[in-house]
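Everything on this sheet refers to the single structure shown next.
The values are calculated or read from the model by the stated rules, or taken from the named source; none is laboratory data. Source: prediction; values computed, not measured. Note that each Cβ is placed from the backbone with ideal geometry, even for glycine, and that neighbours are counted across all protein chains shown. All accessible areas refer to the heavy atoms of the entire protein, side chains included, with ligands and DNA or RNA removed. Shrake-Rupley method; radii C 1.70, N 1.55, O 1.52, S 1.80 Å.
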Amino acid sequence: MRNAADLPVGPPVPGWTPRPRPPREPMAGRWCRLEPLDAGRHARQLFEANLLDETQANWTYLSIGPFHGLDEYTRWVRHAALSDDPLFHAIVDAGSNAASGVAAYMRIDPANGVLEIGHLNFSPRLQRTRAATEAIALMLRRAFDELGYRRVEWKCDSLNAASRRAAERFGFTCEGVFRQAMVYKGRSRDTAWYAIIDREWPALRAAFEAWLGPENFDGEGRQRRRLAAFRKA
């Protein structure tokens, strides 16, 4: 019989204590800021931004929507704003001061230092912009640098190709697919599971900062180098 002392175990985590929960405080960057979701400030702006998605395809892989009027959407925002987990934020463009997307911290596990960035709903106004990338960078920075979390997850429907590409672009590593993990909107979902851990974050943080720098964009706002190029460097 093997002695317990001979069995392999994980590395020690000296001085580990549970992490704080994410606060209801704004996160500000150069191109955007994230504000705790508020129906009075954000509902109309978000609803109007989502109307730019004429096919309503953005709602396909979310458990909610599409919404058929401002009142219905406002009721959802009012309810979501009360939640602590998910903890919803509106993504507000720094130039226009208009909200154009939603993101949340969710499945928050302070005891183990793990949380997920999810419930991402980026309107066409936000998609493929510097603000969209900066919003994710700000959420990662709060989780790792401010709160000391060890792991940040990203999960999506395995068929959601756009979300999977985004996760990989941002530096999340695919850890597998959980089969038949959920039922939503009357259909089965296999969940693709991604994560960044704390020792990977310093290099990713440097890549985000370099990509977001003004010198990486020409006069028309086009990137000079892709985020992937900075990550490889």
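If you take the residues of the range 12-69 that are of a type in the set (Phe, Trp, Tyr) and not in a loop (DSSP other than H, G, I, E, B), which of them is least open to solvent (accessible area, probe 1.4 Å)?
TRP59
Kindly check whether there is at least one residue in the range 196-218 that is of a type outside the set (Gly, Ala, Ser), on the phi > 0 side of the Ramachandran plot and either in a helix (DSSP H, G or I) or open to solvent by 70 Å² or more (accessible area, probe 1.4 Å) (or both).
no
Collect the residues in the range 141-168 that are part of a helix (DSSP H, G or I), charged (D, E, K, R) and open to solvent by 20 Å² or more (accessible area, probe 1.4 Å), keeping them in residue-number order.
Across the range 141-168, the qualifying residues are ARG141, ASP145, GLU146, ARG164, ARG165, GLU168.
Here is a list: ALA81, ALA94. Which entry is touching a strand residue (DSSP E or B) at 6+ places or on another chain (Cβ under 9 Å), open to solvent by 20 Å² or more (accessible area, probe 1.4 Å) and more than 27 Å from LEU227 (Cα to Cα)?
ALA81
Among the numbered conditions (1) touching a strand residue (DSSP E or B) at 6+ places or on another chain (Cβ under 8 Å); (2) without any contact (Cβ under 8 Å) to a residue 12 or more places away in the chain, tell me where ASP218 comes up short.
So ASP218 meets the others, but not (1).
How many residues does the range 70-98 hold that are touching a residue at least 12 places away in the same chain (Cβ under 8 Å), closer than 16 Å to ARG24 by Cβ, of a type in the set (A, V, I, L, M) and not in a helix (DSSP H, G or I)?
4
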